[in-house]
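One structure is given here, and the rest of the page talks about it.
The values are calculated or read from the model by the stated rules, or taken from the named source; none is laboratory data. What you see is a predicted model; the values in this text were computed from it and never measured. All Cβ positions, glycine included, derive from the backbone under ideal geometry; neighbour counts span all protein chains shown. The accessibility values were calculated without ligands, DNA or RNA, using every heavy atom of the protein model including side chains. Shrake-Rupley method; radii C 1.70, N 1.55, O 1.52, S 1.80 Å.
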Number of protein chains: 2
Amino acid sequence: MARTVTERGDLLAPLAETFREHGYEGASLSLIAKATGLGKGSLYHFFPGGKAEMAEAVLAEIEGWFEGAVFRPLREAQDPDAAVAAMFETVTAYFRSGRRVCLVGALSLSDARDRFAAALRRYFALWVEALAAALVRAGHPPDGAEARAEEIVGGIQGALVLARALDRPEAFERVLAGLRARSRAPA
Amino acid sequence: MARTVTERGDLLAPLAETFREHGYEGASLSLIAKATGLGKGSLYHFFPGGKAEMAEAVLAEIEGWFEGAVFRPLREAQDPDAAVAAMFETVTAYFRSGRRVCLVGALSLSDARDRFAAALRRYFALWVEALAAALVRAGHPPDGAEARAEEIVGGIQGALVLARALDRPEAFERVLAGLRARSRAPA
DNA sequence: TCAATCGTGTACCGATTGGTACAGGAAGTT
DNA sequence: AACTTCCTGTACCAATCGGTACACGATTGA
């Protein structure tokens, strides 16, 4: 049979997109096979644990991407306010202005939440923690910083829900603009 | 065979809970049968359209409940600021302080979004519209009112995502308290 | 009392699910 | 050239999916 020498890493992107579009339960193996162009044999070769292992791998890759592109800059940037601004830009691009679903958020509301509870919690905990630290360094009062960070991270997730339900991507950008304005350092 | 004379309306509550817990795809007919205590024969007697008709009925009932308990009070209350406060209390109770999922929001992120697009859009559009009207009557500047309403409704949805992912219901109440504070009439 | 209607459970349908088994070809090693 | 490892597609599995058919019992009205 033909051999294409696929790398496991190359599968993560189409896998993620399939899970985003159809959810965990809805992403059937035949859909996954179509998206990756691989048969079941190859899929089970790379992911012996089946669908669950595929989803775990995707979640790990997402967390890694956010760690490098969002969380670490928030924690370490020299100008924390600029880092917060960059976060909004990065997130807007990542979610395609509200047209793309957050897989972590979608899984959190779904049936599969319990199965991936640890990964889901870690993703949001890291985000809130990093953002709260940046807000404090930018001059926000420390005691309210975590609550404010939760509000912003939650607000982004809610904006995705709203934009998708209303089928109006501009609502996403508008809500994010409001969140950004309010995250500026207070006078 | 035994006849229990079930009413169609009595089925909506267990149906809604099943869809909330397992999503649309995940709510199998056997789960639904167990939750309602009815066999397939009875279910298809009340809902000839099958699962899709059950979900439509549940969404219609949810919209009706929110119309009476949330949307109309926002539109018609004599004290609009008190109506906004009441909305936060009603919503907190309805979502069991973040332990209960918003079915409309969850469906919006799921595979089933396209199928129920009209109902999902209407629910959120009604909510944003009613809230924006209340904010204006409470003294908020009219040009930013819809954006602010979107931010609040989205914020509630995001708080549900966050509380569920973090498995920390108090995060829901904390975010809602912040939203409430910011929805007060400006000086 | 008899017939019609309404609810109901069970059996069944084809299709699809996630997962396994395996044969076999391509590439690399010796 | 023989051998091994890796990757691949196909065939197959039991289980479950949403949905249909239908027969039976209870209720109701005449």
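Kindly indicate whether A:ARG174 is basic (Lys, Arg), in a helix (DSSP H, G or I) and out of contact with any Phe, Trp or Tyr (no Cβ under 9 Å at 6 or more places or on another chain).
The answer is yes for A:ARG174.
Would you check if A:TYR123 is hydroxyl-bearing (Ser, Thr, Tyr) and either crowded, with 21+ Cβ neighbours inside 10 Å or modelled with pLDDT under 95 (or both)?
yes
I need the full set of residues from the range B:154-171 which are closer than 18 Å to A:VAL175 by Cβ and over 15 Å from the mean Cα position of the chain (by Cα), in order please.
B:LEU162
Could you list, in sequence order, all residues of the range B:177-187 that are part of a helix (DSSP H, G or I) and more than 22 Å from B:LEU126 (Cα to Cα)?
First, the residues of the range B:177-187 that are part of a helix (DSSP H, G or I): B:177-182.
B:ALA177, B:GLY178, B:ALA181, listed by residue number.
Pairs under 7 Å by beta carbon, first residue at negative phi and open to solvent by 60 Å² or more (accessible area, probe 1.4 Å) in the range A:168-181, partner among the hydrophobic types (A, V, I, L, M, F, W, C) and in a helix (DSSP H, G or I), six or more apart or different chains?
Once the first residue is at negative phi and open to solvent by 60 Å² or more (accessible area, probe 1.4 Å) and sits in the range A:168-181, its partners that are among the hydrophobic types (A, V, I, L, M, F, W, C) and in a helix (DSSP H, G or I) give A:ARG174/B:ALA147.
Could you go through the range B:30-38 and let me know if any residue there is within 8 Å of DNA strand D (Cβ to nearest atom) and of a type outside the set (A, V, I, L, M).
Here is the first cut: in the range B:30-38, the residues within 8 Å of DNA strand D (Cβ to nearest atom) are B:30-32.
Then keep just the ones that are of a type outside the set (A, V, I, L, M); that gives B:30.
Yes; the residues of the range B:30-38 include at least one that is within 8 Å of DNA strand D (Cβ to nearest atom) and of a type outside the set (A, V, I, L, M).
What are the residues in the range B:156-171 that are of a type outside the set (A, V, I, L, M), in a helix (DSSP H, G or I) and facing chain A (nearest Cβ under 9 Å), if any? Steps first, please.
Keep residues of the range B:156-171 that are of a type outside the set (A, V, I, L, M), which gives B:157-158, B:164, B:167-170.
Subset that is in a helix (DSSP H, G or I): B:157-158, B:164, B:169-170.
If the condition is that a residue be of a type outside the set (A, V, I, L, M), in a helix (DSSP H, G or I) and facing chain A (nearest Cβ under 9 Å), then B:GLN157, B:GLY158, B:ARG164 are the ones that fit.
When you go through A:PHE124, A:PHE95 one by one, which is the residue that is touching a helix residue (DSSP H, G or I) at 6+ places or on another chain (Cβ under 7 Å) and either among the hydroxyl-bearing types (Ser, Thr, Tyr) or without any contact (Cβ under 8 Å) to a residue 40 or more places away in the chain (or both)? Even if it seems obvious, please write down each step before you answer.
Working: A:PHE95 fails: either among the hydroxyl-bearing types (Ser, Thr, Tyr) or without any contact (Cβ under 8 Å) to a residue 40 or more places away in the chain (or both).
Selected residue: A:PHE124, the only one of A:PHE124, A:PHE95 that is touching a helix residue (DSSP H, G or I) at 6+ places or on another chain (Cβ under 7 Å) and either among the hydroxyl-bearing types (Ser, Thr, Tyr) or without any contact (Cβ under 8 Å) to a residue 40 or more places away in the chain (or both).
Residue-wise test of (1) among the small types (Gly, Ala, Ser); (2) within 10 Å of DNA strand D (Cβ to nearest atom); (3) more than 20 Å from A:ALA118 (Cα to Cα); (4) more than 14 Å from every other protein chain (Cβ to nearest Cβ).
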position: A:THR18; (1), (2), (3), (4): no, no, yes, no
position: A:HIS22; (1), (2), (3), (4): no, no, yes, no
position: A:GLU25; (1), (2), (3), (4): no, yes, no, no
position: A:VAL58; (1), (2), (3), (4): no, no, no, yes
position: A:GLU61; (1), (2), (3), (4): no, no, no, yes
position: A:GLY64; (1), (2), (3), (4): yes, no, no, yes
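Among B:VAL70, B:VAL153, B:VAL84, which is the only one that is part of a helix (DSSP H, G or I), open to solvent by less than 10 Å² (accessible area, probe 1.4 Å) and within 14 Å of chain A (Cβ to nearest Cβ)?
Going through B:VAL70, B:VAL153, B:VAL84 in turn, just one is part of a helix (DSSP H, G or I), open to solvent by less than 10 Å² (accessible area, probe 1.4 Å) and within 14 Å of chain A (Cβ to nearest Cβ): B:VAL153.
Just give me the residues in the range A:101-121 being touching a residue at least 24 places away in the same chain (Cβ under 8 Å), in a helix (DSSP H, G or I) and not aromatic (Phe, Trp, Tyr), in sequence order.
A:LEU103, A:VAL104, A:GLY105, A:ALA106, A:LEU107, A:ASP111, A:ALA112, A:ARG115, A:ALA119, A:LEU120
Identify, from the list B:LEU43, B:LEU12, B:LEU38, the residue that is away from DNA strand C (no atom under 12 Å from the Cβ), farther than 21 Å from A:HIS22 by Cα and surrounded by 12 or more Cβ atoms within 10 Å (Cβ to Cβ).
Answer to the check: B:LEU12.
Within the range B:7-29, which residues are of a type in the set (A, V, I, L, M) and part of a loop (DSSP other than H, G, I, E, B)?
Selection gives B:ALA27 alone.
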